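Novice: Below is one structure. I have some questions about it.
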Amino acid sequence: MGSIYKRERVWYLDIRVNGRRVRKRVGTSKEVAELALKDAEVSVARDEFGFARNDISVEKFVERYLEYSRANHQPKTTDRYRAVTDHLLAFLRTSRKDVVFVSQLSAEVKEQYKAYRKDIWVNPNGDAVESELYCSPLVDAVV
């Protein structure tokens, strides 16, 4: 998994973490370098080396985005973004319960969401309609 090597009087650690090469200076003792290598291998196994993927749930991401929107957009824009994200969360809760984290939002999930939204009948204000009386498809509601 990794190795140690010596340049002049200093020992170095050479290890790969998720495809990335990491080299660190350890010191002048070979024994300390060997211990540092073992520690680095354990850290890599625990994803504590600094390259662990920090994933966030979709709901937390939406909350943070809406906070950002409140600070940086007009209130009407934030209201519209809230409606859009509510539709997305409703889709994930009903159709794709397996998608919890942002990293799980693949192109396939996005295409399924688009098809889901096209199949829903909506009022001009964007709310879903229970009855097909007096309603128009999503395409007509946008105009």
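The values are calculated or read from the model by the stated rules, or taken from the named source; none is laboratory data. Model, not experiment: these values are computed from the prediction. For neighbour counting, all protein chains shown are included, and Cβ atoms are generated from backbone atoms with ideal geometry for every residue, glycine included.
Novice: Kindly indicate which of Y68, Y113 is at pLDDT 95 or above and of a type in the set (S, T, Y).
Specialist: So the residue among Y68, Y113 that is at pLDDT 95 or above and of a type in the set (S, T, Y) is Y68.
Novice: Next question, about the same structure. Taking region 100-120 as the search range and keeping residues that are part of a helix (DSSP H, G or I) and of a type in the set (A, V, I, L, M, F, W, C), which one is nearest to F61 (Cα to Cα)?
Specialist: Filtering first and then ranking leaves V102.
Novice: I would also like to ask the following. Scan region 69-101 for residues that are among the small types (G, A, S) and over 20 Å from W121 (Cβ atoms) and jot them down.
Specialist: S69, A71 - these are the residues of region 69-101 that are among the small types (G, A, S) and over 20 Å from W121 (Cβ atoms).
Novice: Something else about it: Determine, yes or no, whether R96 is on the phi < 0 side of the Ramachandran plot, part of a helix (DSSP H, G or I), of a type outside the set (D, E) and at pLDDT 90 or above.
Specialist: no
Novice: Right, here's the next one. Are any of the residues in region 61-71 loosely packed, with under 13 Cβ neighbours inside 10 Å, β-branched (V, I, T), part of a helix (DSSP H, G or I) and out of contact with any Pro (no Cβ under 6 Å at 6 or more places or on another chain)?
Specialist: no
Novice: Please go through (1) closer than 30 Å to L13 by Cβ; (2) surrounded by 11 or more Cβ atoms within 10 Å (Cβ to Cβ); (3) out of contact with any Lys or Arg (no Cβ under 8 Å at 6 or more places or on another chain) for V99 and return the number of the only condition it doesn't satisfy.
Specialist: (1)
Novice: Provide a single number: the residues in region 1-31 that are outside any strand (DSSP E or B) and surrounded by 13 or more Cβ atoms within 10 Å (Cβ to Cβ).
Specialist: Selection size over region 1-31: 0.
Novice: Still on this structure, I have one more. Here are R20, R70: which of them is assigned by TED's automatic domain parsing to the domain that holds K110 and either farther than 30 Å from V109 by Cα or among the charged types (D, E, K, R) (or both)?
Specialist: R70
Novice: Looking at I56, I4, which is the one that is among the β-branched types (V, I, T) and out of contact with any Leu (no Cβ under 6 Å at 6 or more places or on another chain)?
Specialist: I56
Novice: Here are some conditions: (1) in a helix (DSSP H, G or I); (2) modelled with pLDDT of 90 or more; (3) more than 30 Å from R23 (Cβ to Cβ). D140 meets all but one. Which one does it not meet?
Specialist: Unmet for D140, out of (1) in a helix (DSSP H, G or I); (2) modelled with pLDDT of 90 or more; (3) more than 30 Å from R23 (Cβ to Cβ): (2).
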